[in-house]
Every structure is written in structure tokens, then in C-alpha cells.
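*Asks:* The structure under discussion is supplied below as C-alpha cells; questions concerning it will follow.
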Amino acid sequence: MKTAHKLLLLLSIFCSSILPKEFDLTPKNTVLISDLDEVLIEKSLFLGGVAQLRHLTGEYTKDTDGKRETLRNKQGNSIGGLTFHLLYHGMRKPYLTPHVGWMIKTLEKSRCFIDGTEKIYRYLKDKKGYTIVYATNKDRISYDIAAQALGDKFTSLAGTVFVAHPGSSPQVIAQLHIFADLLTTPASYKELLHKTLTVQPTAHILHAPGKKPDREYYEYVEENLGPDKNMIFIDDKPSNIRGFDALQTTSSAQRIGIIFQNPQQLAQEFVNLGILSEIEDAALLEDIRYPGIWGKIKLAGKKLMAKLTPAAA
């Protein structure tokens, strides 16, 4: 029996020191990586009308999730990022050409926070000590405009930002160059294209190759954040989560993808992972689960009923 006990003890020590602990996620060993559009920020009502630009050409195709549309030129080459989308539309539709820069600024400046998500991330950063990272398919120009419009509340949240820039095929960029070189092309278009193609990464904002869900995008993120770190990736597109999850096959650290639906669901996912606690973080969870005035009224009624129920029994 003594020998058996010793073997069990050795096996326990081996498992705890060698095998990964599935839910040992702490601020020191874990990075939270978030998409932006429809996860942390969303379109205003104004954007709904402008989004009908996709009907200007017949070159949009549904992505693998059937959730969003991908723009390609006639040769089938992909076009990524709002800036490149509108530069392409401006090249195809002369009446749009002088207004491309204005349209990009108007669209990105119209974005607003998804309040519950911002509260969760702010709490995890300021109260828990987690590192928040942005990983978006926005191009650099559109990201900079959105960041400037949203201000310090947005930029102070993430320590590192990964943008998909240029995120478009060389063939598409060559087309835009040819159009910009024409004498009839407005100066504003030429200047915007030049700025878009010459903007440089910074220590804080990195230009990832490819775009989600390309593996090279995620490998670039992993390499720059540290392969030994556990990583939790939040995105609203299942295909982007599948692309991230594929990193687990070559990583000894954890790679956990969360398909974002709403702040309430996201908070529960963090509870399930042990990052948030029903007891220690009860105030935050109540705020997220019962948002707004009506939510607070509903919560007050629920607490009142909880107090009355034992008395009635």
C-alpha cells in the first residue's frame, strides 16, 4: 500500500507540474484579446443607410458564416478594411471619388461603445489587472479615426492593437495606384491613398499580415504577445474564432475562443472560466445582467421577492 501511495503522490506531482491546468487563468499568465466592431463598438443608426454601399457593385459575397459580406474585385482578389473598400468604390463610381475621405471619417466617427462590454473590459483591466488587446480587421486609417473619435476611454483600454493593414491583395492596390495616377483623379483621393499606403506601425499599433481568419494574422498576434501566454480571443464571427482555435494544435499554452453574442453572455463566459466570480464580482455582474433603469427595477424586484419568500414560508 505504501508503494501505491508513493506512486499516486508522484503521479499527482507530475500532473500538476507538467500537464497544463485547464482553467488556471490569471492576470499574470493570460491576455484578453478582443475584436472591435460589434463586440466593443457598434454602428450608429446613421451607418445603416451608408452600409447600403454594398449594393453599388455586384462584387460582394457572403463569408463562410453567411454573416457578413466580403468585397472582391472582378478578378476575385480580396479587399479588406473600410478605407480600401471606399477607395475601391471611389475608383468604380466617379460621383463618389471626391467624397471618399469624408465618408470614411463620417462612418468611423459615428461609432459608439457597446456599454456592457466596455464595463467588463474596464473592470478586468483596472480591478483585476488583466491585459486587454485589440485585434481587428480594421485598416489603420479607419482605426485611427475611430480611436480619435472615441477618445481616451477607448485608447487607454488596450495596451496593444493589431490592425489588418493593408489587408488587401497587391493586385487591388495596383489598381488603386493606376487610378490615382490619372490626371482626372481628385487630389483628395490621391492624398488619401498615399497616406493609406505609407502609414507606419508604432510600438502600440501593429500591422498584422493578412486578416482574420487567416492563420498568419493569429500567428503574428501570438508571436508579439508571447507564445507562452494563455490567450482568450473574443470575436462575433465563428469563422474568426475557428481560425484562432487552430493555434491550440501548436501551442502548449491555452487558446480559448469566445463567440460574442452580447455583454451578458460574455460576462457568463468569464464566470465559467473563473476570471469573474459570482461572489467577488457580484456588483459588476448585476450591472451587466440588469442594464439600464428597467434592469435596475427588475433587479430590485427580484431582491425584494427573495427577502419575502422565506418569510412567507
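Please treat every number below as a calculation from the coordinates, not as lab data. Since the structure is predicted, the reported quantities are computational estimates derived from the model, not experimental observations. Every residue, glycine among them, receives a Cβ derived from its backbone with ideal geometry; neighbour counts consider all protein chains shown.
*Asks:* Using Cβ counts within 10 Å as a stand-in for footprinting exposure, how do MET231, MET103, MET305, MET91 rank, fewest first?
*Replies:* Fewest-to-most Cβ neighbours within 10 Å comes out as MET305, MET103, MET91, MET231.
*Asks:* Which pairs in the list LYS211/LYS296; LYS212/LYS296; LYS190/LYS229; LYS153/LYS211; LYS153/LYS296; LYS43/LYS195 are over 31 Å apart, alpha-carbon to alpha-carbon?
*Replies:* Exceeds cut-off: LYS211/LYS296; LYS212/LYS296; LYS190/LYS229.
*Asks:* Would you list ASP236, ASP245 from fewest to most Cβ contacts within 10 Å?
*Replies:* ASP245, ASP236
*Asks:* Please work out the Cα center distance from region 175-248 to region 134-148, rounded to the nearest Å.
*Replies:* 10
*Asks:* What is the sum of charges, Lys and Arg at +1 and Asp and Glu at -1, for the other residues whose Cβ falls under 11 Å from the Cβ of GLU222?
*Replies:* For residues surrounding GLU222, the net value is -1.
*Asks:* Label points 7 Å out from Cα along the Cβ direction at LYS190 and LYS28: separation in nm?
*Replies:* 5.8
*Asks:* What is the spin-label model distance, in nm, from THR155 to SER252 if the labels are put 7 Å beyond Cα along the C-beta direction?
*Replies:* In this crude label model, THR155 to SER252 measures out at 3.9 nm.
*Asks:* Can you compute 3J(HN,Hα) from phi for each residue in region 285-292, using the Karplus curve 6.51 cos²θ - 1.76 cosθ + 1.60 with θ = phi - 60°, rounded to whole Hz and x for Gly and Pro?
*Replies:* The phi angles translate into 4, 5, 5, 6, 6, 10, x, x Hz.
*Asks:* For LYS302, which aspartates and glutamates qualify as cross-link partners when the Cα separation must be under 19 Å and same-chain residues fewer than eight apart are set aside?
*Replies:* GLU278, ASP281, GLU286, ASP287
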